[in-house]
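The numbers here are math on the coordinates, done by the rules we state, and not lab data. Model, not experiment: these values are computed from the prediction. Neighbour counts are summed over all protein chains in view; Cβ atoms, including those assigned to glycine, are modelled from backbone coordinates with ideal geometry.
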Amino acid sequence: MLSLILLAAVVILVGFFYQQHLHKPNILSQERLAELRKEYPAYNEDPPFTSIARPTFESIMERSETVVIGEVVSELPEYTVELVKPGTTDQIIDEKAKSQGLLNSTASFKQYEIKVIKHIAGEPVKDTIPIVYNADFIGYEPALKPGMSIITGIAKGEDVHEGKYFFTRFGTYYIVDDQYVLSAVDDGFSKTMNGRTLDDLIGRILNIFEG
């Protein structure tokens, strides 16, 4: 008798979860996407006095060394690097400019620590990595928050950026409502992809890498 009761309970639970799965849409509604945009904004503006040739999502994927799904762990302190290499003519000019009170040739970079949840394509990376962008683009590139999940194309830093990985809004999607995606910038690709499932986006990315 007890075994029959347990079997009936299992059947009920399986049926419940099956029904729940059936009711998950293949694409999120426009109303839901508008609601999500309050927490996951699109960075559509460009910095003033700059001329940026906007890359497509496909071109970013083609140039990315790696694509990962990552969970944002924390915002790390910015770091600053010297753009002039020691022992060069540029260093002499730079030091002279500094002595005259002119701006020196340095650049600061925004960085976030992410936990790599899944490697999608390209070169393997460590389980936890810093992803960065030039601090001049703060407000124009994603302001990531701990707990956010993203799928993004990254490129390995070299020299003073050793151990870090560059990313951009043009190659980044937020993962929302557990299994759907929402772009970090509105473009032609996002018009067909926003609100679709993460698996849909992964399939598109793999086609780009394999093509």
Entries of Lys38/Lys118; Lys110/Lys156; Lys110/Lys145; Lys115/Lys164; Lys38/Lys145; Lys38/Lys191 with Cα pairs more than 23 Å apart = Lys38/Lys118
Set the Förster radius R0 to 35 Å, insert the Cβ-Cβ distance between Val160 and Asn26 as r into 1/(1 + (r/R0)^6), and round the FRET efficiency to 0.05.
-> 0.20
Provide the gained length on full extension for the span Glu39 to Glu123, in nm with one decimal, where the gain is 0.36 nm per separating residue minus the Cα-Cα distance.
-> 27.2 nm
Summing +1 per Lys or Arg and -1 per Asp or Glu among the other residues with Cβ less than 11 Å from Pro55's Cβ gives 0
Residue exposure sequence - Ser183, Ser149, Ser105 - by fewest surrounding Cβ within 10 Å | Ser105, Ser149, Ser183
Order by protection proxy (mean Cβ within 10 Å, highest first), peptides 189-199, 48-58 | 189-199, 48-58
Taking 7 Å along the Cα-to-C-beta vector as the label spot, tell me the Gln179-Asp199 distance in nanometres, rounded to one decimal.
-> 0.7
Label-to-label distance, nm, for residues given as Thr192 and Phe209 (7 Å Cα→Cβ offset) | 2.0
